[in-house]
Structures are given as structure tokens and as C-alpha cells.
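Student: Please find one structure pasted underneath; my questions will follow.
The values are calculated or read from the model by the stated rules, or taken from the named source; none is laboratory data. Since this is a predicted model, take the numbers as computed values, not measurements. With ideal geometry, Cβ positions are generated from the backbone for all residues, glycine too; neighbour counts draw on all protein chains shown. Side chains included, ligands, DNA and RNA excluded: accessible areas come from the protein's heavy atoms. Shrake-Rupley method; radii C 1.70, N 1.55, O 1.52, S 1.80 Å.
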Amino acid sequence: MFFYYALAITALLILYYLLLKDDRDSKEPPGPKPVPIIGNLVDLLMASGNMTLALGNLAEKYGEIYSLKMGSKKTVILTSKDAMQTILSNEATFARDFTGMWTDRSFHKNLGIAFSEGEVWEKLRPWTFKMLKDFGFGKSSDMERFIQVASQRLFATIDDKIGPEKKSCDIDIELLYNQPILSIMWQMIVGDLSPEDEPSLKILSEKGDAFVRVSIFGAGIVIAFPFLRFVFPNALGYNVQMDFFQACNTIAQNLFKEMEEKMRKSPLSTPTNLLKAFVQNCTKDPKIFNCDNFLLTFQDILLTSTETSNTFMEILILYLITYPDVQEKVYAEILKVSPDERDLSFSDRKKMPYTQAFFLEAHRKGQPFQNLVPRRALSDITYKDYIIKKDTIIMSDTRLYYENKEDWPDPEVFRPERFLDEAGQVVNAGKIISFSFGKRNCPGELQANIVTFLGITALLQRYKLSVPRGQCMPRLDMRPGLTSKPYPFQATFAKRQ
Ligand code: HEM
């Protein structure tokens, strides 16, 4: 009998120890006490039903940097610009949370750009973005051509919907720009867009849209408990996500094989696009330049560029219809630089300060990437009096920074003028942090700016946008997901005379 009592007491003591144990070092940032297995999920849920709001709400109690446990993962959350800028610029944070579907999609190997680290990341990221720049990305005249092709295709679809009899029609904005942006990226990787490419683009676009839709659901839970993807693969969207990756891989593999074949026939031809340059490098440095790494680079470029830029386009359209006076001011600048309705070029933006201010304010208020992309500490890091331990996941939340009254008087108001000085020139552009910090920041910032500037100005040259008659004003809060995006809404597209 005594033995069983002793056993029961020991079990209770172990349970008590586990429940109260906090494996945090006193120098680690403060935070709510985690419980075994689920970590701080209850604290997050109690802070808000919306994960992206919950992170900010906890920061109000614990400060600009605090600790949480996502399941068993040690995590710190950064909420001030100073903490993000200092910590994310530290090279000891140039790694990612490489778990769950991110490892499955890359065959459990260190591949590609967005989730790789060490030598692969150090070589592949600068090489890829240099090539994209040499072959069009960043040279605005080539980009302009890519964007014109994509815009013409989109306008033809919209005009078709309006029809010959009418002057306007209502259009769903959700994912409207996914396919046009995808086609721009395709041209940048492959060099052009031929009719034979259309089926591949259609598959990527459809499966990409499905990927984005399911990835909204369950994003938080799967981060904390990656194994759940195998337990509930349908409910958590895992099957759809893997289906998209599989489709990307099949298409990228075919492109790679076809190019290998072409290069065998004429090995000395000069590369004119990223794909060709990649295949050509395979003989020189096969450790980095191989088919697996091409598949993941292809996936990464599509994944990182399409969803983010499409979300930002949705945000821009949302604000243009919600604030018609802002739309009129942007349109007035378009007319001023292009009275004869010629296509704008990226360099025109220098003569359009209000439009630039509109884009900056849309970044501040819309926050397309409110949580940036989590990093992982490669070694212990010191920030002020705190230590972030090796292998801690580092998450950011830009909301409190963008909403604080010291940096932004009247932060709740959408007011592009806050980015203009008295002479009407752009100021404070450096206060926008959507593209993150340090050498692991977003390498596509310039390209994203070119695509969204030319995409929106071409749209406004052709159509006046408004809230459809009889419909309520669209919601201005964002829904959480891979990016924070507007809730589905419609806009009326009326052809300008
Ligand atoms: C409005 C549009 C965009 C926003 C707000 C955005 C923002 C971001 C952010 C916050 C990160 C994470 C950086 C970090 O960890 O510190 C990132 C990563 C990345 N972005 Fe963008 N991005 C946008 C568009 C693009 C475009 C158009 C491209 C490609 C052409 C691109 C390519 C990438 C890549 C490859 C990474 C991973 C970088 C790495 O891990 O080294 N992004 N982006």
C-alpha cells in the first residue's frame, strides 16, 4: 500500500514540477508562463481570438520584446522598430523556422532561398537577384514591358465583363492580381510568355489561389504543432499546400529538363534569362546549381512575390474606393505626368509625390506583412539587457509600431499627407518597415514597388473605381493568413472616357 501512495505522490510531484517549471533563463525576455505541451496558446487565445491582434495585445503588457512558447518552441516577439531593426540586422538571425510543410516541400533538404541557410542561402540569394536584375528585374524598361503584357490581359478580361453595351461592372477583388503577377514573374524567370506556357500558368494560378485560401486557416496551430498536418491533412489544408508544391515542382522540372536539352545542343549560347543562366552554372558549381535547387528557387520566387504583391494591390484598391478624394488626387497626378494617356514608366513616380505618399500610407495602415517572416537564432543574441537563446524563433509584429501615437499622430486616420512636407515633397519614407531589415530582408522590394506602381497607375488611367452602388463600405480591418489581407470585397470598374 505504502508503495502505491509513494508512487502517486511522486507522480503528483512530477506533474506539479512540469506544470510550474519555467525553463526560461532570467535574462531571457519576460512573458506569460507557459504550460507543458501547449505552451502559451491559452494566453494567446485569451489575448484575442485573432492571432495577429493577440501578439500586439500581449506586448502591451510585456513590452517591446517578450517571450512565448508556441507549443514547445521557444519564441520571442518583437514589436518596436528599434528591436526589429537591431535584432533582424544581426547575422545570427539569418535563419528560418524550417519545420512542418516547409521541410516537406524541400525534400527535407537545405534548398532554395526563402528557407535555406548557410552556404546555399549565401550563394543562391545574391546570385538569383543579380540575374533577375540583369535580365529585367530592376531595369524598369524591361519590367514595364512585362507589366504591360500582364495588364493588357487583365484589362481585356475586365472589358469583356463590362461588355459593349455597358460602361461599368462590379468585380471581385480577391486574388484579382494573382495571375497577372504570376505572369510577370514567369517572364522574369523564363524570359517570355508564349502560348504554350498558358496551361502551366493556369495550373500555377489555380493551385496557388487554393494554397493561399487554405493557408489562411490554421496557420497558427500548425506553427505550434507541425505534426498536426499529418493528423488533420485536409482540415489544416496540408493536402492542398502539398498539391501546389507538387505542381510547381513538375512545371519547374520540365522547364529545367527542356533547357538542359537546349544547352546540350548549343552549349555556348549567352544566357538571356534566369533559367538558362541557372542551367549553365550546373556544370561549374553543381553543389549549389542543381535541379533540386532550381525547383525550390522557382517555388520561392513565385510564392514570395505573388501573394505579397497581390495582397498589396488588394489593399491599394480597398483604400482607393474607400477614399474617393485620395483616388482623385492620385488620378490628377497621373493626368499631369501623362496628359496624352501614354503608359507611365517607373521613373515618373518622382514627379508624383502624392502617389508615393499614398503607397507609403497604404503600407502603414494596411500592413500586408504584419508579422514579417519568422527567423531563428543561430547563436545566443544580446539585445539591451536580454538574451535570446540559440534556436529561439523570432517573430515580429509591426502593428503596435504603426499604430503608436508618438511616431504617427492620429494613427487611426488614413492620411497620405503625413508623408509630405510643406513643400509637397515626400518625407519619412524610411519609417515604413514592410520589407524588414538586414541582409535577410526582402530582396524583391524594388520589383514589388515597380509592379504595384505601374499596375495601379495603368488601372486608374483606364477605370474609375468605386464601391458598388447599394453595397456597404468594405471592411477596413485585415484578416490573418500568410499575409494580412482585406476581407473579400467588390469594386465597380467604370471605363474612363
Ligand atoms: C508588397 C510586396 C512585398 C512585401 C511586403 C514583402 C515583404 C517581405 C518580408 C517582410 C520578407 C521577410 C524578410 C525577413 O525575414 O526579414 C520577405 C522575404 C522575401 N521576399 Fe518579399 N515582399 C514583397 C514582395 C516580394 C517580391 C515581388 C519578391 C520577388 C521578386 C519577393 C521576394 C522575397 C524573397 C525571395 C524573400 C526571402 C528572402 C530570404 O529568405 O532571404 N518579395 N518579403
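Student: If you count the DSSP beta bridges with both ends in the chain, what percent of them are antiparallel, to the nearest 5? Can you show the working numbers first?
Tutor: Working: 26 of 30 bridges.
The antiparallel proportion sits near 85 percent.
Student: Sorting check: for 83-93, 154-164, which peptide has the highest mean count of neighbouring beta carbons within 10 Å, and how do the rest follow? Kindly include the intermediate steps, with their values, before the conclusion.
Tutor: On the way: 83-93: 19.0, 154-164: 13.1.
With the highest mean Cβ count within 10 Å placed first, the list reads 83-93, 154-164.
Student: Please compute the contact order of the stretch 22-495 in relative form: average sequence separation of alpha-carbon pairs under 8 Å and at least six residues apart, divided by the residue count, as a percent. Show your work: numbers first, answer last.
Tutor: Working: 702 pairs, mean separation 113.1, N = 474.
Normalised by residue count, the contact order of the stretch 22-495 is 24 percent.
Student: Same structure, new question: Kindly rank 406-412, 68-74 from highest to lowest mean number of other beta carbons found within 10 Å of each residue.
Tutor: Numbers: 406-412: 11.7, 68-74: 20.3.
The densest-packed peptide leads the list: 68-74, 406-412.
Student: Quickly work out the F227-to-Q253 label distance, labels modelled 7 Å from Cα along the C-beta direction, and quote it in nm with one decimal.
Tutor: 3.0 nm
Student: Using helices alone, what [θ] at 222 nm do you get for the chain, with -39,500 (n - 2.57) per DSSP H run of 4 or more residues, divided over all residues and rounded to the nearest 500? Intermediate results must be reported in sequence, preceding the final value.
Tutor: On the way: 18 runs with 252 residues, N = 497.
About -16500 deg cm²/dmol.
Student: Under 8 Å for C-alpha pairs, at least 6 residues apart: give me the relative contact order for the stretch 331-428, rounded to a whole percent.
Tutor: Details: 103 pairs, mean separation 28.2, N = 98.
It comes to 29 percent, rounded to a whole number.
Student: How far apart, in nm, are two points set 7 Å out from the Cα along the Cα-to-Cβ line at R475 and at R496?
Tutor: That separation, rounded to one decimal, is 3.2 nm.
Student: Does anyone have the angle between helix 2-20 and the longest principal axis of the chain? Alpha-carbon axes, 0 to 90°, nearest 10?
Tutor: Here the helix axis deviates by roughly 30 degrees.
Student: Still on this structure, please answer the following. Could you order E28, E119, E206 by accessible surface area, starting with the largest, using a probe radius of 1.4 Å? Numbers along the way, then the final one.
Tutor: On the way: E28 15, E119 75, E206 105 Å².
Result, largest first: E206, E119, E28.
Student: Set the Förster distance to 56 Å, then compute FRET efficiency between E412 and K262 from the Cβ-Cβ distance, nearest 0.05. Each step should come with its number before you reach the end.
Tutor: Working: r = 56 Å, r/R0 = 1.00.
In this case the efficiency is close to 0.50.
Student: What ranking, highest mean first, results for peptides 463-471, 314-322, 272-280, 419-427 when packing means the other Cβ atoms within 10 Å averaged over each residue? Intermediate values should be presented prior to the final figure.
Tutor: Values: 463-471: 15.8, 314-322: 22.7, 272-280: 20.7, 419-427: 13.3.
Top to bottom by mean Cβ count within 10 Å: 314-322, 272-280, 463-471, 419-427.
Student: Give the cross-link partners of K485 among the lysines, using a straight C-alpha distance below 20 Å as the criterion and excluding same-chain residues fewer than 8 apart.
Tutor: Within the straight-line cut-off, K485 pairs with K207, K365.
Student: Ranked from the most accessible area to the least, with a 1.4 Å probe and all protein chains present, what is the order of C472, C291, C248? Mind dumping the intermediate values first?
Tutor: Working: C472 110, C291 30, C248 0 Å².
Highest to lowest solvent-accessible surface, that is C472, C291, C248.
Student: Could I ask something else about it? When a/c is below 1.5 the answer is rounded, else prolate if a/b is larger than b/c, else oblate, so apply that to the stretch 289-346 with a ≥ b ≥ c taken from the square roots of the Cα gyration tensor eigenvalues.
Tutor: Oblate, since a/c reaches 1.5 and b/c is not below a/b.
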